[in-house]
């Protein structure tokens, strides 16, 4: 990247703050352990906002045993009983009923830990139709902030070993799940204070109330167990915030992708659960079609959860990969999915590393909805010409690749130095056991380009208002004879499909793409069969 700073407040980030220390916590076991250590030192405030919050989650799990351990709810209750000045505020998305199979039932009304007067639990319903609160943020005493892709949700915990058989990898119901990879960033100082202010804004928007001020006492809450990756850095806070009628439409996250793609010189490393963001994909294809294109490496999950999410988001990913591959004149693009032997590892991380210059960790998927529909937050560290920061960013990339390939960071570093290529280094280090396998587009013989346009209804960029659906149907009315299937019947059909789907495939109901996908399918059926 060029020497000019990429981060620009008011353009691709909200604010920039100094952090004396920053660390990238790879995989949920490390994040949960770090959070527990910091939370136990809290004296005044723990603030949590997320897509999900489940008090039955177990933070610490004894090695070699499926022992349930202390639940998150009991852990928080123990903290407020021990510290008389501690207040805990929790804000979770007020999820649609379609998510009920994977969410804690009636979380607002359960008693136990929620009945404590200093634990405040609220649900965030301040969203447009189809949108969700997707930020995953924790701030403790205004001193330490955690931001990334990890919620306090079931079926998330795993170690970096990603063992094929792990007795501790069970959800609150005792059911096992496949290996799971995710990333969270931890920062202190001014950067943490700014993240705390973001929580304050979200709490006010969701509840109408102001959180009490937390005065910094300068306490050092950083646990000795967490190794510091970066010292003395500037941290950018970048957001997605759709217009909820107040005239604010924040798309800093999307703009930062555009700017990084334009400025990248050698390596663009992406880890993401999805790969369907149309405009980001267009910029990637343009870069790879030009001269002096950088290497683009994508690490994603092998398949989506559930047949309908795979049908929709998998098709969108395949379409985007096809478009980029066709534009890739120098074969600089490669996509992989992690495995442990024959067992796939579920990728949930949202991370980008640009050259050795910029590190980005957050909640935003590489999907359209994360660019403009859902509330999102990413943290960004830019080297800005500092050689020590550049080296630290490179070490984080080597750690991540080592985690996937079952190698050491030094082996990854040496392979990249020897080959001068991240793609060749990955292919040289691939093997049995933990490894990265090529991820191929999988559209199937039935796939047609028109399907992509329909499926994008399930991954929209902007809030979906009822009048938008009305306009679709009105446009069709102008050019076709009367239909036997009305819009109301189409939506009713979507609801019925949803009821059937929940009954036969509860484990697959994992994304908003589900319900919107049903609408898209109903709309497709209506277009195809709703004519005389």
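Key figures
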{"read-out": "Gain in span if fully extended, residue 20 to residue 62, counting 0.36 nm per residue against the direct Cα distance", "value": "11.9 nm"}
{"read-out": "Alpha carbon convex hull of the range 3-72, volume per residue in cubic angstrom", "value": "174"}
{"read-out": "Relative contact order (percent, whole number), the range 232-438, Cα cutoff 8 Å, 6+ residue spacing", "value": "26"}
{"read-out": "Least to most buried among 239, 326 (fewest other Cβ within 10 Å first)", "value": "326, 239"}
{"read-out": "Full-stretch length increase - residue 94, residue 330 - with 0.36 nm per residue and alpha-carbon distance subtracted", "value": "80.3 nm"}
{"read-out": "FRET E, pair residue 115, residue 265, Förster distance 60 Å, beta-carbon r, rounded to 0.05", "value": "0.60"}
{"read-out": "Coordinate range along principal axes, alpha carbons of the range 21-212, Å, largest first", "value": "46, 40, 30"}
{"read-out": "Efficiency of FRET between residue 161 and residue 40 - r from beta-carbon atoms, R0 22 angstrom, step 0.05", "value": "0.30"}
{"read-out": "Computed over the range 199-329, the ratio Rg/Rh where both radii use C-alpha atoms and Rh is Kirkwood", "value": "1.07"}
{"read-out": "Ranked list, fewest to most other Cβ atoms within 10 Å of each Cβ, for 113, 93", "value": "113, 93"}
{"read-out": "Amide N of the range 12-28 lying under 18 Å from the label point, which is placed 7 angstrom from the Cα of residue 388 along Cα→Cβ", "value": "18-24"}
{"read-out": "Which of 325, 240 has the fewest Cβ neighbours within 10 Å, and the rest in rising order", "value": "325, 240"}
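The numbers here are math on the coordinates, done by the rules we state, and not lab data. Since we're looking at a predicted model, the values are computed, not measured. Cβ atoms come from the backbone with ideal geometry, glycine included; neighbour counts cover every protein chain shown.
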